[in-house]
Amino acid sequence: MGPYDGDGWVENDPTVNAEGLRGLSLYISNGTGLPGPYEDPSLPRTPQAPPLLDQVVVGGVIEAATNICTHRLQERLEELEIPATFHFRPDGTHSWGYWEDELQRSWPQLAASMEL
(Lines give C-alpha, C1' and ligand atoms only; values in the text may rest on other atoms or scores of the structure.)
Protein backbone atom coordinates (compact mmCIF):
# COMPACT_ATOMS: atom_id res chain seq x y z
CA MET A 1 0.00 0.00 0.00
CA GLY A 2 2.90 2.34 0.51
CA PRO A 3 3.25 5.38 2.75
CA TYR A 4 0.18 6.50 4.69
CA ASP A 5 -0.18 9.64 2.58
CA GLY A 6 0.74 7.96 -0.73
CA ASP A 7 -1.45 7.18 -3.74
CA GLY A 8 -1.41 3.44 -3.05
CA TRP A 9 -2.80 4.00 0.42
CA VAL A 10 -5.67 6.18 -0.78
CA GLU A 11 -6.51 3.78 -3.62
CA ASN A 12 -6.86 0.89 -1.15
CA ASP A 13 -8.40 2.69 1.82
CA PRO A 14 -11.89 1.19 2.41
CA THR A 15 -13.02 4.29 4.29
CA VAL A 16 -12.10 6.60 1.39
CA ASN A 17 -13.58 4.13 -1.12
CA ALA A 18 -16.57 3.07 0.99
CA GLU A 19 -19.10 3.76 -1.77
CA GLY A 20 -17.58 0.88 -3.71
CA LEU A 21 -18.71 -1.48 -0.94
CA ARG A 22 -22.39 -0.73 -1.55
CA GLY A 23 -24.35 -3.85 -2.42
CA LEU A 24 -21.81 -6.26 -0.91
CA SER A 25 -22.46 -8.47 2.09
CA LEU A 26 -20.09 -7.03 4.69
CA TYR A 27 -19.05 -8.73 7.93
CA ILE A 28 -16.37 -6.78 9.75
CA SER A 29 -14.94 -7.60 13.15
CA ASN A 30 -12.15 -6.46 15.41
CA GLY A 31 -10.82 -6.84 18.93
CA THR A 32 -9.37 -4.20 21.22
CA GLY A 33 -5.83 -5.52 21.43
CA LEU A 34 -6.22 -6.44 25.09
CA PRO A 35 -5.26 -10.01 25.99
CA GLY A 36 -8.18 -12.40 25.86
CA PRO A 37 -8.81 -16.14 26.00
CA TYR A 38 -6.14 -17.01 23.41
CA GLU A 39 -3.43 -15.31 25.48
CA ASP A 40 -3.93 -17.63 28.46
CA PRO A 41 -0.43 -18.87 29.37
CA SER A 42 -1.86 -22.16 30.69
CA LEU A 43 -3.20 -23.13 27.24
CA PRO A 44 -1.05 -25.29 24.96
CA ARG A 45 0.47 -23.48 21.97
CA THR A 46 0.93 -24.93 18.51
CA PRO A 47 4.42 -25.00 17.00
CA GLN A 48 3.29 -22.39 14.45
CA ALA A 49 2.14 -19.92 17.10
CA PRO A 50 4.38 -16.96 17.84
CA PRO A 51 5.82 -16.67 21.35
CA LEU A 52 3.05 -15.61 23.73
CA LEU A 53 4.80 -12.33 24.55
CA ASP A 54 4.92 -11.44 20.84
CA GLN A 55 1.26 -12.32 20.45
CA VAL A 56 0.33 -10.09 23.38
CA VAL A 57 2.59 -7.13 22.55
CA VAL A 58 2.87 -7.10 18.75
CA GLY A 59 -0.55 -8.65 18.12
CA GLY A 60 -2.09 -6.34 20.70
CA VAL A 61 -0.67 -3.19 19.11
CA ILE A 62 -1.75 -4.28 15.62
CA GLU A 63 -5.28 -5.10 16.77
CA ALA A 64 -5.59 -1.85 18.73
CA ALA A 65 -4.60 0.11 15.61
CA THR A 66 -6.99 -1.79 13.34
CA ASN A 67 -9.73 -1.29 15.94
CA ILE A 68 -9.50 2.46 15.43
CA CYS A 69 -9.65 2.04 11.65
CA THR A 70 -12.56 -0.37 11.89
CA HIS A 71 -14.60 2.05 13.99
CA ARG A 72 -13.89 4.78 11.42
CA LEU A 73 -15.08 2.46 8.66
CA GLN A 74 -18.27 1.75 10.62
CA GLU A 75 -18.91 5.49 10.98
CA ARG A 76 -18.35 6.04 7.24
CA LEU A 77 -20.63 3.19 6.19
CA GLU A 78 -23.36 4.45 8.52
CA GLU A 79 -22.93 7.96 7.09
CA LEU A 80 -23.43 6.55 3.58
CA GLU A 81 -26.25 4.26 4.75
CA ILE A 82 -24.38 1.18 3.56
CA PRO A 83 -25.45 -1.86 5.59
CA ALA A 84 -22.76 -3.93 7.26
CA THR A 85 -22.50 -6.36 10.14
CA PHE A 86 -19.93 -5.27 12.71
CA HIS A 87 -18.73 -7.33 15.65
CA PHE A 88 -16.41 -5.65 18.12
CA ARG A 89 -14.91 -7.97 20.70
CA PRO A 90 -14.03 -6.55 24.14
CA ASP A 91 -10.56 -8.13 23.93
CA GLY A 92 -8.34 -10.08 21.56
CA THR A 93 -5.07 -9.63 19.75
CA HIS A 94 -4.26 -9.90 16.05
CA SER A 95 -3.95 -13.70 16.11
CA TRP A 96 -5.39 -16.85 14.57
CA GLY A 97 -7.69 -17.95 17.39
CA TYR A 98 -9.82 -14.83 17.07
CA TRP A 99 -9.80 -15.04 13.28
CA GLU A 100 -11.09 -18.60 13.47
CA ASP A 101 -13.83 -17.57 15.93
CA GLU A 102 -14.92 -14.77 13.62
CA LEU A 103 -14.90 -17.05 10.58
CA GLN A 104 -17.28 -19.40 12.36
CA ARG A 105 -19.42 -16.51 13.61
CA SER A 106 -19.59 -14.93 10.15
CA TRP A 107 -20.09 -18.16 8.20
CA PRO A 108 -23.91 -17.97 7.86
CA GLN A 109 -23.61 -14.50 6.31
CA LEU A 110 -20.66 -15.49 4.12
CA ALA A 111 -22.36 -18.67 2.92
CA ALA A 112 -25.58 -16.82 2.14
CA SER A 113 -23.66 -14.27 0.07
CA MET A 114 -22.18 -17.06 -2.07
CA GLU A 115 -25.47 -18.74 -2.95
CA LEU A 116 -26.27 -18.61 -6.63
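The values are calculated or read from the model by the stated rules, or taken from the named source; none is laboratory data. Since we're looking at a predicted model, the values are computed, not measured. Glycine also receives a Cβ, built like all others from the backbone with ideal geometry; neighbour counts cover every protein chain displayed.
Quick notes on this structure:
- Looking only at residues of region 43-98 that are at pLDDT 95 or above and among the hydroxyl-bearing types (Ser, Thr, Tyr), we find that the one that is surrounded by the fewest Cβ atoms within 10 Å (Cβ to Cβ) is 85.
- Sole exception among (1) touching a residue at least 12 places away in the same chain (Cβ under 8 Å); (2) assigned to a loop (DSSP other than H, G, I, E, B) for residue 63, by number: (2)
- Candidate set: region 5-21, residues that are under 19 Å from the mean Cα position of the chain (by Cα) and either basic (Lys, Arg) or assigned to a loop (DSSP other than H, G, I, E, B) (or both); chosen: the one nearest to residue 73 (Cα to Cα): 15
- Conditions (1) over 16 Å from the mean Cα position of the chain (by Cα); (2) outside any helix (DSSP H, G or I); (3) over 11 Å from residue 95 (Cα atoms); number of the one not met by residue 34: (1)
- Filtering region 39-55 to residues that are over 16 Å from the mean Cα position of the chain (by Cα) and in a helix (DSSP H, G or I) leaves 39, 52, 53, 54.
- Among the residues of region 104-113, not a single one is surrounded by 15 or more Cβ atoms within 10 Å (Cβ to Cβ), without any contact (Cβ under 8 Å) to a residue 24 or more places away in the chain and either farther than 24 Å from residue 17 by Cα or out of contact with any helix residue (DSSP H, G or I) (no Cβ under 9 Å at 6 or more places or on another chain) (or both).
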